[in-house]
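Undergrad: Shown below is the structure under consideration.
Only the coordinates and a few stated rules stand behind these numbers; no lab work does. Because the structure is predicted, anything quoted here is derived from the model rather than measured. When we count neighbours, we look across all protein chains shown, and the Cβ atoms used for this are built from the backbone with ideal geometry, even at glycine.
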Amino acid sequence: MNSVITAEGLTKSFGRDRGVDSLHFEVAKGEVFGFLGPNGAGKSTTIRLLLGLYHPTAGRTTVLGRDPMHDAPVILRQTGYLPGDLALHPRLTGRQHIDFAAHVRSIDDKTVPDALVERFNVILDRPTRTLSKGNRQKIGIVLAFMHRPELLILDEPTSGLDPLMQSEFQQLVRETVADGRTVFLSSHELDEVQRIVDRVAIIKEGQLVVIDTVEGLRKAAPRTIEFRFPTNVDPQLFAAIAGVRVLNADGGHIALSLHGPVAPVLRAAADLDPIDIIARPADLDELFLTYYRDEPSEGSRSLLEGHAG
């Protein structure tokens with residue numbers, strides 16, 4: 001793999017507080033790498049380590065072939081960064097922010113930033129304190145992409161955007177990787193990342209629990225099966241089956257989440273004379289929640305071991 005980002009045992013602790021613990025992953029040139037987890041899982045800490053804003057407690061990382069501890073200015077020149085807590089000067093306009101960034105980055109040709117402004121319908125001439133979160137986010141997108149960086153590090157990039165602008169952003173990401181550049185996209189929204197990423201890493205309490213392609217995750221995701229019976233049914237009859245979790249039980253109606261073969265469930269249901277059955281395909285949202293409800297299963301550990309390097 002032609003790696004743009006590597007992390008080897010990357011660890012950051014804040015005294016007794018948890019940061020991230022022994023992260024191992026690589027991001028290849030020209031891919032969209034989704035970094036998924038809820039607030040507080042360690043996503044932003046990882047990004048700050050990649051950018052050299054934090055020094056690791058243990059382990060190491062390289063970004064664009066360089067060590068962020070020693071070469072952060074060089075890395076930042078080739079990186080576009082959109083922070084999750086985007087802070088714009090409240091009294092300056094969008095135009096002033098963009099012009100200042102162009103000056104700092106020595107951008108004389110305004111073709112790219114002007115095209116981004118038009119594409120996202122950016123409001124340029126009002127102080128940012130008067131703008132909605134979505135309109136401030138659009139300015140942040142322009143600032144991150146305007147110098148055509150080799151690497152984009154984006155933390156909750158579509159926060160506040162309406163569906164049309166979310167779709168436009170996804171298209172921009174696809175164009176970016178088609179050009180051979182790389183995107184590291186951090187989010188707590190599975191729906192945001194699964195449409196555009198090549199691989200996904202899921203982080204829980206500072207530790208990676210799985211790294212896989214979206215298709216690989218989909219194959220590991222639970223299926224949902226619903227039965228309707230003529231009389232009340234004890235849900236424990238199904239809960240006792242390996243790989244089954246009861247989602248809902250209301251009289252004769254039972255909804256199940258299923259990992260593994262379906263035959264044991266069908267045999268148990270057949271003895272109860274079901275009058276209806278509905279089966280739905282793998283649900284990535286349910287899989288995502290599973291990683292946060294429980295300790296990683298043997299299957300998820302093997303996925304992590306098989307794809308982390």
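Undergrad: Collect residues whose amide H, placed 1.01 Å from N in the peptide plane, falls under 5 Å from the amide H of Leu247; neighbours closer than 5 in sequence don't count.
TA: Ala255, Leu256, Ser257
Undergrad: With each label point set 7 Å from Cα along the Cα-Cβ vector, what nm distance links Ser13 and Asp162?
TA: About 4.9 nm, to one decimal.
Undergrad: Continuing with this model, one more query. Select from Ala269, Ala144, Ala201 the residue whose mean-square fluctuation is largest in a Gaussian network model of the chain (Cα-Cα springs shorter than 10 Å).
TA: Ala269
Undergrad: Where a Cα-Cα gap under 22 Å defines reach, which lysines qualify for Lys138, not counting those fewer than 8 residues away within the same chain?
TA: Output for Lys138: Lys43, Lys110.
Undergrad: Also: Taking a cut-off of 17 Å between Cα atoms, list the lysines near Lys29, but don't count ones fewer than 8 places away on the same chain.
TA: Result set, ordered by chain and number: empty.
Undergrad: Can you give the helix-only mean residue ellipticity at 222 nm for the chain, where every DSSP H stretch with n ≥ 4 adds -39500 (n - 2.57) and the sum goes over all residues, rounded to the nearest 500 deg cm²/dmol?
TA: On the way: 12 runs with 111 residues, N = 309.
Per the formula, -10000 deg cm²/dmol.
Undergrad: Can you list the HN-Hα couplings for the range 170-180, worked out from phi with the Karplus curve (6.51, -1.76, 1.60; θ = phi - 60°), rounded to whole Hz and with x for Gly and Pro?
TA: With coefficients 6.51, -1.76 and 1.60, one gets 4, 5, 4, 5, 4, 5, 5, 6, 5, 7, x Hz.
Undergrad: When the Cα atoms of the range 222-281 are enclosed in a convex hull and the volume is divided per residue, what value in Å³ results?
TA: Value for the range 222-281: 65 Å³ per residue.
Undergrad: Same structure, new question: What are the radius of gyration and Dmax of the chain, computed over its Cα atoms and given in Å?
TA: Looking at the chain, its Cα Rg and Dmax stand at 22.9, 75 Å.
Undergrad: Another question, then. Can you tell which of Gly19, Gln170, Pro274 lies farthest toward the positive end of the dipole of the chain, using +1 and -1 charges on the Cβ of basic and acidic side chains (Lys, Arg; Asp, Glu)?
TA: Gly19
Undergrad: Which of the peptides 69-80, 44-55, 211-222 is most tightly packed, and how do the rest follow, judged by the mean count of other Cβ atoms within 10 Å per residue? Numbers along the way, then the final one.
TA: Values: 69-80: 16.2, 44-55: 20.2, 211-222: 17.8.
The most tightly packed comes first, giving 44-55, 211-222, 69-80.
Undergrad: What FRET efficiency, computed as 1/(1 + (r/R0)^6) with R0 = 51 Å and r the Cβ-Cβ distance, is obtained for Arg66 and Val262, rounded to the nearest 0.05?
TA: Values: r = 50 Å, r/R0 = 0.98.
About 0.55, to the nearest 0.05.
Undergrad: Right, next: For Ile241, Ile153, Ile275, what ranking results if the residue with the fewest other Cβ atoms within 10 Å of its Cβ goes first? Mind showing how you got there, number by number?
TA: Working: Ile241 16, Ile153 27, Ile275 10.
By the 10 Å Cβ count, ascending, the order reads Ile275, Ile241, Ile153.
Undergrad: Taking the inverse of the average 1/r across all pairs of different Cα atoms in the range 1-120, what Kirkwood radius in Å do you get? Please list the in-between numbers first.
TA: Working: mean 1/r = 0.0611 Å⁻¹.
Result for the range 1-120 stands at 16.4 Å.
Undergrad: Need one number: nm distance between label points at Lys110 and Ser132, each 7 Å from Cα along Cα→Cβ, rounded to one decimal.
TA: 2.6
Undergrad: Now a separate question. Suppose the chain between Thr231 and Gln207 were pulled fully straight at 0.36 nm per residue; how much longer would it get relative to their current alpha carbon spacing? Let's see the in-between values first.
TA: Working: separation 24, 0.36 × 24 = 8.64 nm, distance 4.51 nm.
Answer, rounded to one decimal: 4.1 nm.
Undergrad: At 7 Å along Cα-to-Cβ for each site, give me the label-to-label distance between Ala270 and Arg91 in nm.
TA: In this crude label model, Ala270 to Arg91 measures out at 7.8 nm.
Undergrad: By how many degrees, 0 to 90 and rounded to 10, does the Cα axis of helix 284-293 deviate from the longest principal axis of the chain?
TA: Orientation of helix 284-293: about 90 degrees from the principal axis.
Undergrad: So if I place +1 on the C-beta of Lys and Arg and -1 on the C-beta of Asp and Glu, and nothing else carries charge, what would the dipole magnitude of the range 222-281 be about its Cα centre? I want it in debye, nearest 20.
TA: On the way: 5 positive and 6 negative charges, 56 e Å.
With Lys and Arg at +1 and Asp and Glu at -1, about 260 debye.
Undergrad: Which translational diffusion coefficient, to the nearest whole µm²/s, is obtained for the range 1-72 from the Stokes-Einstein equation, given a Kirkwood hydrodynamic radius over C-alpha pairs, 20 °C and 1.002 mPa s?
TA: Numbers: Rh = 12.4 Å.
For the chosen part, D equals 173 µm²/s.
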